[in-house]
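Reading through the structure tokens given below for one structure.
Derivation of every value follows stated rules applied to the coordinates shown; laboratory data play no part. Just so you know, these numbers come straight off a predicted model, no measurement behind them. FYI the Cβ positions are ideal-geometry reconstructions off the backbone, even for glycines, and counts take in every protein chain you see.
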Amino acid sequence: MSSSLLRRFTVGFAALTGLLGASLAGIRAAEAVTVPILVADVDSGKVIYAQAPTDPWYPASITKLMTTYVALDLVRQGKVSLDSMITISAAAAAEPPSKMGFKPGTQLTLDNALKIIMVKSANDIAYAIGETLGGSIDNFAAMMNETAQRIGMHDSHWYNPNGLPDPRQWTSARDMAVLARALIRDFPDNHDLFSISAIQFGRAVMANHNGLLGRYPGTDGMKTGFICSGGFNVVATATRNGRRIITIVMGQPSPRERDVKAADLFDYAFTQSAGWTSPTLDALPASALPQPPDMRPFVCGGKKAPAIEDGPGAISAPGSAAQLIGGSAANSPALAMAAFSNPALRSRTLPPRAPLQPIAVWIGRNPAEGQQILDAQAAEQKAAAANTRAAKLEAAKAKRIAALEAAKQARAERAERAKATKEAAKTAPKPAAKVAAKPARPLPHAASAYTATTAPSMPEAKPGKGLSKPAPKTAAHKQAPVKKPADKKASAEE
């Protein structure tokens, strides 16, 4: 390798490392986390670029690639077929989103189940695959671990088939590259499974969560994943001029940044040739980390976490690293990598998605049986809704009748109380009437207001005289005052 080319590689890798760590710039230096990145050639297994490739990481739904390998391997061995029926158990139906929401007891073919988990990333379907093919989730997880070791995955530990959070379940970027190569190598007839743009179930059309499909030219797989602890991950493959590249990007804070970084890595990788000095996937050194970092504080923080596997991907303005630096990237890897640190590039998105081409999926053994099941379920739902409405109407009617009866009863009780009160009033003994003080007989106009305190009696006769005169009239009776001698004035006022 010439010194000029080596210098360009050095500058390019330095620029790339600066960009890929930019999303974690807010983390304190003591808490810095290097997110795993890996770009490799599919045919040779040579590494084009690697950053923390063997560090343990929470895989999220890229776990479903491992589930799919185990299922296709069982088909290859003749133990099951793509027409084998997968049954949704109550435990599978209880798995959190993303999910199809099928009722317990629903059945579908393994072929349809695999299409659904690759496109919709349905956790209930992946769980049902594990239960049905393994007999139990623990048995299927053991099959996943045995298969991983056999195909050369050294950093992975599997405990469930759908990638929902489990602190014991992790993988590495290198292991996912090994798995992607094994899927392409061992099951060439099934590679279209990883590039379906959308599925259609009944009238519902569900687009693939992979934001590179239909946006980045040449993308032909594979799978995305998200949980708060692992961030937004993707295992992607793209082909250009007969050459296929694998890109793994993990721990990103959003689907857009994940998709754009993967696209820029593809742009860079297709300008490079993995020479004899490039390491192979097997030659990458083991990580010193004992367990994965928890990205939850940096990806989800205190906010509500995004719905698992529901990231819409990039859908805005076109543009690539090569286009935004004037087309010089194709001939200058160093410039292409340096362009990654450009803020305009970091904020860009990919072109709008090409029109979807949905693939039909169904429950039951075939579309006709699936339609019959859907019709029966629709009839049941309609009947249940009608019963619910009838029950509500009946309950409202009963409530009105009860209210009327209660009002009638209350009126009757009030009338009864009034009648009882009236009867009691009739039969009760009358209380003794108070004898009102007999008003004094009005005094004649000539009477005085002041009368004697003792009862009048006959005056005592004096010798030689007749009866005495009546008592003098008082002033209280408001009659004309009696003229009195002046010498008696003080006595009268007193």
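Observations
- Extension gain from ALA142 to SER89, taking 0.36 nm per residue of separation minus the Cα-Cα distance: 17.1 nm
- Neighbour-count ranking [beta-carbon atoms within 10 angstrom, fewest first] of TRP362, TRP276, TRP170, TRP158: TRP276, TRP362, TRP170, TRP158
- Nonlocal amide H pairs with ARG244, under 5 Å, H built at 1.01 Å: VAL42, ASP43
- The distance between label points at HIS154 and ASP43 comes to 2.7 nm (points 7 Å beyond Cα on the Cα→Cβ vector).
- Calculated FRET value between LEU82 and ALA398, using beta carbons and R₀ = 45 Å, to 0.05: 0.25
- When peptides 192-202, 232-242, 282-292 are sorted by average Cβ neighbour count within 10 Å, with the highest value leading, the order is 232-242, 192-202, 282-292.
- With θ taken as phi - 60° and the Karplus curve 6.51 cos²θ - 1.76 cosθ + 1.60 applied, the whole-hertz 3J(HN,Hα) list for segment 112-120 is 5, 4, 5, 4, 5, 6, 6, 9, 7 Hz, x standing for glycine and proline.
- For ILE48, nonlocal amide neighbours, meaning residues 5 or more places apart or on other chains whose placed amide H falls under 5 Å from its own, are VAL39, ALA40, ASP41.
- Segment LYS408..GLN200, full-extension length gain: 69.0 nm, with 0.36 nm per residue of separation and the alpha-carbon distance subtracted.
- TYR159, TYR216, TYR58 arranged by Cβ crowding within 10 Å, fewest neighbours leading: TYR159, TYR216, TYR58
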